[in-house]
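Remarks on the structure that follows.
The values are calculated or read from the model by the stated rules, or taken from the named source; none is laboratory data. Here the structure is a predicted model, which means the values were calculated and not measured. Every residue, glycine among them, receives a Cβ derived from its backbone with ideal geometry; neighbour counts consider all protein chains shown. Areas reflect the complete protein model, heavy atoms only, side chains present, ligands, DNA and RNA absent. Shrake-Rupley method; radii C 1.70, N 1.55, O 1.52, S 1.80 Å.
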Amino acid sequence: MRMGMVMRNALSLGGAALLAAALAAPAAAQEATVFATGSVDGNETGIGLLGVSVRGAGFGLKPVGVVQGYYLQYTVPASPDQDSSVNLIGFQPQVGLGWYGLGGSVEARVGYNLVSGQDEGNEGDDVPVVEVEGGGSGLTTTLQAQTWSTRPELFGLATYNWGEHFLYTQAQALVPLGRLGLGAEAVWQQQTGDEGDYQSTSFGPVVRLGLSTESSVSFAGGYKDDNVRDPTWYARLTFVRWGISF
């Protein structure tokens, strides 16, 4: 309990420091990116996510903050002949530092993932297996990197939830062809816990359409396999709007 309070206080102080730095900066010195994604698979897993990232404008080392919320639904085996549906709502703020150049960027962030239905003692909190597809509440760290000057363009993301021992990784490679971008992606997830281990692998093609010079929509889909359910398909739609100055 005391360690959790220390973590929350540290995050609060870090967020306040970044906010103070942003307020002290000149007008129009921040840049925001808005993103939204929806994903489904053949095993009745669905997630909808909405988020915003704010960083110092320009090149070089800048503070960055990310806030995202999501709704997650999935099924788990409740008995040999019946599945149980689980519905979760998550909220994750993060703060950190990023380096931004002409051809790419790297970000390192720390935050906390708050998930409904994770408080000990509440009725219905017990999930028959470990919480798949996103983990539960806990301290999170994220490393994100991308390039847009290379061919193919590259994107990598790794997030670890220390409270739930959950690791999420994603890698994409896209070749731009005018307004289109064609490529492939791979996603690997792992969670360890007292109730057992969970691992999931997904991979497939990605198609990106540039809606303007500062927005795009992409579709990804393919094969998904984990050690809990049968292999299946997945599909994901993502919208991104970047370069919002204020």
Task: Sorted peptide list for 60-73, 148-161, criterion being average Cβ within 10 angstrom, highest first - done: 60-73, 148-161
- [ ] Compute the length gained on full extension between Thr192 and Leu167: take 0.36 nm times their separation in residues and subtract their Cα-Cα distance, giving the result in nm to one decimal.
- [x] 8.1 nm
Task: Accessible surface of Ser215 - all protein chains present, 1.4 Å probe, nearest 10 Å² - done: 10 Å²
Task: Summed residue charge, Cβ within 12 Å of Ser212's Cβ, Lys/Arg positive, Asp/Glu negative - done: +1
TODO: Keeping every protein chain in place, order Ile47, Ile89 by accessible area at 1.4 Å, biggest value first, i.e. largest first.
DONE: Ile89, Ile47
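Figure the gain on full extension for Gln199 and Val110 (residue separation times 0.36 nm, minus the Cα-Cα span) and round it to one decimal in nm. Before the final figure, lay out the partial values.
Values: separation 89, 0.36 × 89 = 32.04 nm, distance 2.34 nm.
Roughly 29.7 nm would be gained on extension.
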Task: Probe 1.4 Å, all protein chains present, accessible-area order of Tyr223, Tyr168, largest first - done: Tyr223, Tyr168
- [ ] Order these peptides, 29-35, 91-97, by their mean beta-carbon neighbour count within 10 angstrom, highest first.
- [x] 91-97, 29-35
TODO: Considering only protein heavy atoms, with the full assembly of protein chains and a 1.4 angstrom probe, order Leu102, Leu182 by accessible area, largest first.
DONE: Leu102, Leu182
Task: For Ser137, distant residues with modelled amide H under 5 Å away - done: Val115
Task: Accessible area in square angstrom per residue, segment 164-204, 1.4 angstrom probe - done: 51 Å²
Task: Part-to-part distance (alpha-carbon centres) for segment 209-241 and segment 168-195, which is given in Å - done: 9 Å
